[in-house]
Amino acid sequence: CRSVTNSPDGGREIAFANFSSPRRAERSGMEIDMKIIVVGCGKVGSALAEQLSEEGHDVSVVDKNPQVVNEVSSQFDVMGIVGNGGSYSVQKDLGVEDADLMIAASDSDELNLLCCLIAKKAGDCSTIARVRNPIYNSEVGFLREELGLSLTVNPEYAAAMEASRLLKFPSAIKIEPFARGHIELLKISVPANSPLDGHTLAHISREIKGDVLVCAVERGQEHDVTIPDGSFRLHAGDTISILADPQSARVFAEKIGLKNNSAASCMIVGGGTIGYYLAKILLENRTAVTIIEKNPERCLGLANDLPGANVICGDAANQNVLLEEGVENVDSFVSLTGMDEENIFLSLYARKASKRDVKLITKVNRINYDDIIDDMNLGSILNPQQIAADFIVRYVRAMENSTSSNVETLYNIIENKAEALEFLIQAGAPVIGIPLIRLPIKAGVLIACIYRKHRVIIANGQTQIEINDRVIVVTTHIGFQDIRDILDEE
């Protein structure tokens, strides 16, 4: 790690510290794909540093805080520099002239835009900026064009969009769109006494007809992931991932007795950026919205910006506040405060106090607590930082294969265990025109469905892939970048 500081005479001093990860030496024989600079070692920056370095990229991080640089560079296989990422001299020390990509993910939108502008001029690399302020949300197109940005990412808006999808289909734990929304991946839990409990997928397909595919099953405390075949037997407590068009998914849910009506009312605790975005989306969908926020100044701003919402100035940690505002009778409850622990306790209380089957969405930023959180029945977990990191990783994988059948969409079904990917098939792809049963597909890979000319095709052995198809692949392999990666070419 190199620590860059300013000397009293206005010059610069560079101090070297041995903060590099021991894993770098172990992986020195690995082929490095791209040189990537990440500005900001917060939650998004750290998640990116981890995931991109594990995928074999040469990653450097920069932050003003020596402690966080030390933590990230010691924990992951990255080089760290202490300094201002908006400084040309610091970027030069990072090797921006030879970089393939600059990702600016600091807490300041303005600094992120400046970092990308400098990197574009100094190194002519691709640039991604994290832009969070709602003021800039309507100006993203202008900023992208004028500053030459390759991509802008708004974690809070992306999280609000995910939450709004979940409130349209409350039985789902998670909903991810593919093929520009024409296909959805839904995670649902198999409850006790479900028509699915104890039956094989082949039996379920015969008895509960519908154009859906169960593409992954999570089971047990270790969340072991299986890509099932027709003989796989489901049990209560399993978490299944299904792929279908939105209408077929809802019909399937109705047949197995799951709630699939949109939430008519929502209580949001926390009037920050995500709360604002979510409330705005819900109000446009004519959902009754109550926002509870304890900062009086913020409440005034929300009341002015969201005239259709019921904005309450109060501390939701006080149970009386929640009860007075009707937590017992709302259809959905979304906890979005800045503290994970508070969000968890609020969701647990809302579940206990509710007189109906309330839909819970809980914001949790600390990824390393997943195993504990999964056992607490908190409904759907919202992690804005991971949503943003996945979005950026998808773009990075697409960059590496810009002329081939590269990744269009990427979602983690479960972290570091299974992914669902969408590939846009282009001419020359080695999978075109061959029945799937004849393709040498790797173990742990399922070609789940295809979107072709406004039709969703659930794939079978005789299905053939064509040019311009959008192919959805589910796999327990991590890091696929191109459709050819699904093939066992040994």
Would it be correct to say that S7 is more than 26 Å from K120 (Cα to Cα), open to solvent by 10 Å² or more (accessible area, probe 1.4 Å) and modelled with pLDDT under 90?
-> yes
Would you check which residues across region 138-170 are open to solvent by 30 Å² or more (accessible area, probe 1.4 Å) and touching a residue at least 40 places away in the same chain (Cβ under 8 Å) and list them?
-> S150, Y157, A158, M161, K168
Pairs returned, first residue in region 446-471 that is closer than 13 Å to I425 by Cβ and touching a residue at least 24 places away in the same chain (Cβ under 8 Å), second residue that is surrounded by fewer than 21 Cβ atoms within 10 Å (Cβ to Cβ) and of a type in the set (S, T, N, Q), beta-carbon separation under 9 angstrom, 6 or more apart or interchain, are I447/T463; I467/Q426; N468/Q426
Exactly one of E222, E297 is under 30 Å from P134 (Cβ atoms) and of a type in the set (D, E, K, R), and that residue is E297
Out of I450, I441, I425, I486, report the one residue that is of a type outside the set (F, W, Y), open to solvent by less than 70 Å² (accessible area, probe 1.4 Å) and more than 25 Å from the chain's Cα centre (by Cα).
-> I441
If we keep just the residues of region 104-123 that are over 15 Å from G148 (Cα atoms) and not acidic (D, E), which is farthest from the chain's Cα centre (by Cα)?
-> L111
Can you confirm whether region 129-148 contains a residue that is farther than 23 Å from G42 by Cα and part of a strand (DSSP E or B)?
-> no
Residue satisfying all of: in region 325-348; in a loop (DSSP other than H, G, I, E, B) and β-branched (V, I, T); surrounded by the most Cβ atoms within 10 Å (Cβ to Cβ) among these | V330
Subset tally (residues that are touching a helix residue (DSSP H, G or I) at 6+ places or on another chain (Cβ under 8 Å), within 20 Å of R180 (Cβ to Cβ) and of a type in the set (S, T, N, Q)) for region 450-490 | 0
Just a yes or no: is a residue in region 90-105 at pLDDT below 90 and farther than 30 Å from M161 by Cα?
-> no
Going through region 190-233 in order, the residues found to be among the hydrophobic types (A, V, I, L, M, F, W, C) and out of contact with any strand residue (DSSP E or B) (no Cβ under 7 Å at 6 or more places or on another chain) are A192, L196, A202, I204, I208
Out of region 186-201, which residues are outside any loop (DSSP other than H, G, I, E, B) and open to solvent by 10 Å² or more (accessible area, probe 1.4 Å)?
-> K187, S189, T200, L201
By my count, strands (runs of 3 or more DSSP E) wholly in region 209-324 with at least 1 residues that are in contact with a Cys (Cβ under 9 Å, 6 or more places away or on another chain), more than 15 Å from S164 (Cβ to Cβ) and among the polar types (S, T, N, Q) are 239-244, 288-293
Subset of region 30-44 [open to solvent by 10 Å² or more (accessible area, probe 1.4 Å) and either among the aliphatic types (A, V, I, L, M) or free of Cβ contacts under 8 Å to residues at least 12 places away in the same chain (or both)] | M30, I32, M34
For region 374-474, which fully contained strands (runs of 3 or more DSSP E) count at least 2 residues that are touching a Lys or Arg at 6+ places or on another chain (Cβ under 8 Å)?
-> 380-382, 407-414, 418-424, 445-452
Answer residue from region 45-99, given it is more than 26 Å from the chain's Cα centre (by Cα) and among the acidic types (D, E) and is least open to solvent (accessible area, probe 1.4 Å) among those = D93
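The values are calculated or read from the model by the stated rules, or taken from the named source; none is laboratory data. Bear in mind the structure is a predicted one, so any value in this text is a computation, not a measurement. When we count neighbours, we look across all protein chains shown, and the Cβ atoms used for this are built from the backbone with ideal geometry, even at glycine. Surface areas here come from the heavy atoms of the whole protein model, side chains and all, with no ligands, DNA or RNA. Shrake-Rupley method; radii C 1.70, N 1.55, O 1.52, S 1.80 Å.
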